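Here's the structure we're looking at; comments come further down.
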Amino acid sequence: MERVILNAEKREDTGKGAARSLRRKGLIPAVLYRGGNSMPIQIAKKELSSFIHTTAGQHVMVHLQFHGGEKRLVLMKDYQVDPVRGDLLHTDFLEVSLHEEIRITLGITTTGEPIGVKRDGGILQYGIREIEVQCLPDKMPGHIELEVSQMEIGKSIHVGDLSLGEGIKILTYPGELIVTVTAPIVEEAAPAPTAEAAEPEVIKKGKKEEEAGR
């Protein structure tokens, strides 16, 4: 699995004021978690933003490089951005061991256009878009990619259909739907207008009736 090196520094000051001060200096506050412990750290905004942009939703092993040669093997657990400006505000990292299994959530993407959509006008519908797995860090895929080009109308892929390789245990319920191709929606024809009720026939009085009525 690909690994990236990020330069990090331990930090002493915490709190909102200290975090704002770091950001003004081009640094991003972060926290490194290990078991029940945590350690505040800081990383250059430019370096961290580039990492997030290039990995784009994939899980990538990271070596945090500290001054003095200390290294920590980690995964990015989460990050926060400003909802208005989109600026990176904070990140969380989880320290891992190559000898201990971890539980991680993997995103699912699809490639190709289903034949049931391209040829028959069907609709590709999605169920879940991520699953939870358990494995050693070195076994962990960055994400899951499904090839769906051979799917015809009526075909589905469930979690139980996935095969992620030796050493990767899927924890999500096997019956969960990932994708399916459904038949196109056919609009019902408008009902035909009903025949208007026949107007009552006007009976013309005969000459004799007219004379009788005089």
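All of the numbers you see were taken from the coordinates with simple rules; none came from a lab. What you are looking at is a predicted structure, and each value in this text was computed from that prediction instead of being measured. Positions of Cβ are generated from backbone atoms using ideal geometry, with glycine treated the same way; all protein chains shown enter the neighbour counts.
Calculate one ³J(HN,Hα) per residue across region 80-86 by plugging θ = phi - 60° into the Karplus curve 6.51 cos²θ - 1.76 cosθ + 1.60, and present them in order as whole Hz with x for glycine and proline.
10, 10, 5, x, 9, 8, x
Report the charge-dipole magnitude of the chain in Debye, nearest 20, computed about the Cα centre from +1 at each Lys and Arg Cβ and -1 at each Asp and Glu Cβ.
Here the chain has a charge dipole of around 1060 debye.
Of the DSSP beta bridges with both residues in the chain, give the percent that are antiparallel, rounding to the nearest 5.
75
Can you run phi through the Karplus equation (6.51, -1.76, 1.60; θ = phi - 60°) for region 90-103 and list ³J(HN,Hα) in whole Hz, with x for Gly and Pro?
6, 9, 10, 10, 10, 6, 10, 10, 5, 9, 10, 5, 10, 9
Which chymotrypsin sites (Phe, Trp or Tyr not before Pro) does region 53-125 hold that lie in a coil by DSSP with at most 15 other beta carbons within 10 Å?
Loop-located and lightly packed - PHE66.
Give the angle, between 0 and 90 degrees and rounded to the nearest 10, that separates the Cα long axis of helix 45-55 from the longest principal axis of the Cα atoms of the chain.
That helix lies at roughly 50 degrees to the long axis.
Please go through region 24-96 and write out the trypsin sites (Lys or Arg not before Pro) that DSSP classes as loop and that have at most 16 other C-beta atoms within 10 Å.
Here the trypsin sites (Lys or Arg not before Pro) that fit, given the DSSP loop and packing criteria, are LYS25, ARG85.
List every residue whose amide H lies under 5 Å from the amide H of LEU89, counting only residues 5 or more places away in sequence or on a different chain, with H placed 1.01 Å from N in the peptide plane.
HN-HN under 5 Å from LEU89: GLN80, VAL81, ASP82.
With Kirkwood's inverse mean 1/r over C-alpha pairs for Rh, give me the Rg to Rh ratio of region 1-90, two decimals please. Display every interim value, and only then the final one.
Values: Rg = 12.9 Å, Rh = 13.7 Å.
For region 1-90, the value is 0.94.
Taking the Cα atoms of region 1-47 alone, what are Rg (to one decimal) and Dmax (as a whole number) in Å?
Just the Cα atoms of region 1-47 yield Rg and Dmax of 11.8, 38 Å.
State the Kirkwood hydrodynamic radius of the chain in Å, one decimal place, computed from all pairs of distinct Cα atoms.
Answer for the chain: a Kirkwood hydrodynamic radius of 22.4 Å.
Using amide H atoms built 1.01 Å from N in the peptide plane, name the residues 5+ places from LYS155, or on other chains, whose amide H lies under 5 Å from its own.
VAL181
Work out from phi, with θ = phi - 60° and the Karplus expression 6.51 cos²θ - 1.76 cosθ + 1.60, the ³J(HN,Hα) of each residue of region 146-158, listed in order in whole Hz, and give x for Gly and Pro.
Karplus-based 3J(HN,Hα) across region 146-158 equals 10, 8, 10, 5, 8, 6, 9, 4, x, 8, 9, 10, 10 Hz.
Where does region 102-182 land on Rg/Rh, using Cα atoms and the Kirkwood Rh?
1.02
If you find the alpha carbon centre of region 30-63 and of region 106-142, how far apart are they in angstrom?
If we compute the Cα centre of each part, the gap is 26 Å.
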